[in-house]
Amino acid sequence: GQNIDQPTEMTATEGAIVQINCTYQTSGFNGLFWYQQHAGEAPTFLSYNVLDGLEEKGRFSSFLSRSKGYSYLLLKELQMKDSASYLCAVTDSGAGSYQLTFGKGTKLSVIP
Amino acid sequence: DTEVTQTPKHLVMGMTNKKSLKCEQHMGHRAMYWYKQKAKKPPELMFVYSYEKLSINESVPSRFSPECPNSSLLNLHLHALQPEDSALYLCASSQSNNMNTEAFFGQGTRLTVV
């Protein structure tokens, strides 16, 4: 089974930097994804980490430490449109097939 | 074309009705998924199809019946649903069931069972 933990809610100011943490426990880790989901919309892909280290993509960066079962998503130069839920999701090699399991999501509110 | 298209966008059905949700992608993806998402909860995996064969059924009740007619289409047939089945149903696809490829999600069907 899997256990994925992330904060329920966060608030940050426009223009600032925010870090959303995710810890996980899984029997057959094969990668970690971050998705963004605006209310009432589908999740959209942000980043993927399978090796330790930092992946940077524009204003978004994601970090992974496999030994610690830990990841974070870093959002820089926050904009109001970044208000959304951020879902940490882990892939598992269980049953030899692709399984993507989501954490409960972190609702980020960006304030002026 | 990086879209996963789901129809209908909204569906209201009675507990005795039979309806179907449809999902289509033309990215050549060979893995397709159904997820169920309740309000303020993360998506929960229901079914995985890999190369048009059902590879994962996450103990979903038989009132939900998936079907994959070809590599581009995925259906979810609904029959005798309960009000607690009301949710957002998301379809997703990925290049294969290789676990390091991202999943693309459709916009979902918002289902209300009355």
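In whole percent, how big is the carbon plus sulfur part of the accessible area of the stretch A:49-112, probe 1.4 Å, protein atoms only? All intermediate terms of the calculation are to be shown ahead of the outcome.
Details: 1550 of 2910 Å².
Whole-percent figure for carbon plus sulfur exposure: 53.
Using the Karplus equation 6.51 cos²θ - 1.76 cosθ + 1.60 (θ = phi - 60°), what ³J(HN,Hα) coupling, rounded to whole Hz, does each residue of the stretch B:61-66 give in order, writing x for Gly and Pro?
x, 5, 5, 9, 10, x
For each pair in A:Lys68/A:Lys104; A:Lys81/B:Lys41; A:Lys107/B:Lys36; A:Lys104/B:Lys9; A:Lys81/B:Lys53; A:Lys76/B:Lys36, compute the distance between the two Cα atoms and list the pairs where it is over 28 Å.
Numbers: A:Lys68/A:Lys104 20 Å; A:Lys81/B:Lys41 21 Å; A:Lys107/B:Lys36 19 Å; A:Lys104/B:Lys9 24 Å; A:Lys81/B:Lys53 39 Å; A:Lys76/B:Lys36 31 Å.
Result: A:Lys81/B:Lys53; A:Lys76/B:Lys36 exceed 28 Å.
Taking amide H positions as placed 1.01 Å from N in the peptide plane, with prolines and chain starts having none, which residues 5 or more places from B:Glu3, or on another chain, fall under 5 Å of its amide H?
Under 5 Å from the amide H of B:Glu3: B:His26.
Write down the radius of gyration of the stretch A:1-72 and its Dmax, each obtained from C-alpha positions, in Å.
Cα-based Rg and Dmax for the stretch A:1-72 come out at 12.9, 38 Å.
For labels at B:Ser20 and B:Ala39 in the simple 7 Å Cα→Cβ model, what's the distance in nm?
For B:Ser20 paired with B:Ala39, the spin-label model returns 3.1 nm.
Tell me: how much accessible area in total is hidden between A and B, 1.4 Å probe, Å², nearest 100? All intermediate terms of the calculation are to be shown ahead of the outcome.
Numbers: alone 6120 and 6520 Å², together 10820 Å².
About 1800 Å² of accessible surface is lost on pairing.
How long is the gain from B:Leu54 to B:Val12 if the chain were fully straight, where each residue apart is worth 0.36 nm and the alpha carbon distance is subtracted? Could the numbers behind the result be given before it?
Working: separation 42, 0.36 × 42 = 15.12 nm, distance 2.70 nm.
Separation in residues times 0.36 nm, less the Cα-Cα distance, equals 12.4 nm.
Identify unpaired cysteines across chain B, taking unpaired to mean no other cysteine Cβ lies under 4.7 Å from the residue's Cβ.
If one checks each Cβ against the other cysteines of chain B, B:Cys68 turn up with nothing under 4.7 Å.
Decide, for the stretch A:25-109, between rounded, prolate and oblate: order the square roots of the alpha carbon gyration tensor eigenvalues as a ≥ b ≥ c, take rounded if a/c falls under 1.5, and otherwise choose prolate if a/b is larger than b/c, else oblate. Numbers along the way, then the final one.
Details: a/c = 2.37, a/b = 1.46, b/c = 1.62.
Because a/c hits 1.5 or more and a/b fails to exceed b/c, the stretch A:25-109 counts as oblate.
To check you understand DSSP bridge types, tell me what percent of the beta bridges within chain B (both residues inside) are antiparallel, rounded to 5. The partial results should precede the final answer.
On the way: 38 of 42 bridges.
Of those bridges, close to 90 percent are antiparallel.
Per residue, how much accessible surface does the protein assembly as shown expose to a 1.4 Å probe? Answer in Å², no decimals. Spell out each step's value before the answer.
Values: 10820 Å² over 226 residues.
Heavy-atom SASA per residue in the protein assembly as shown reads 48 Å².
Given 5 Å bins starting at zero, what is the percent of C-alpha pairs of chain B in each, up to the one with the largest pair distance?
Over chain B, the share of Cα pairs per 5 Å bin runs 2, 13, 24, 26, 19, 10, 4, 1, 0 percent.
Which percent of the accessible area of chain B is formed by carbon and sulfur heavy atoms (probe 1.4 angstrom)? Please list the in-between numbers first.
Working: 2700 of 5590 Å².
The nonpolar share, carbon plus sulfur, comes to 48 percent.
For the stretch B:25-34, take each phi angle, set θ = phi - 60°, evaluate the Karplus expression 6.51 cos²θ - 1.76 cosθ + 1.60, and give the result in whole Hz per residue in order, putting x for glycine and proline.
Result, rounded to whole Hz: 9, 10, 9, x, 6, 10, 10, 9, 9, 10.
The values are calculated or read from the model by the stated rules, or taken from the named source; none is laboratory data. Here the structure is a predicted model, which means the values were calculated and not measured. All Cβ positions, glycine included, derive from the backbone under ideal geometry; neighbour counts span all protein chains shown. With ligands, DNA and RNA removed, areas are computed over all heavy atoms of the protein, side chains included. Shrake-Rupley method; radii C 1.70, N 1.55, O 1.52, S 1.80 Å.
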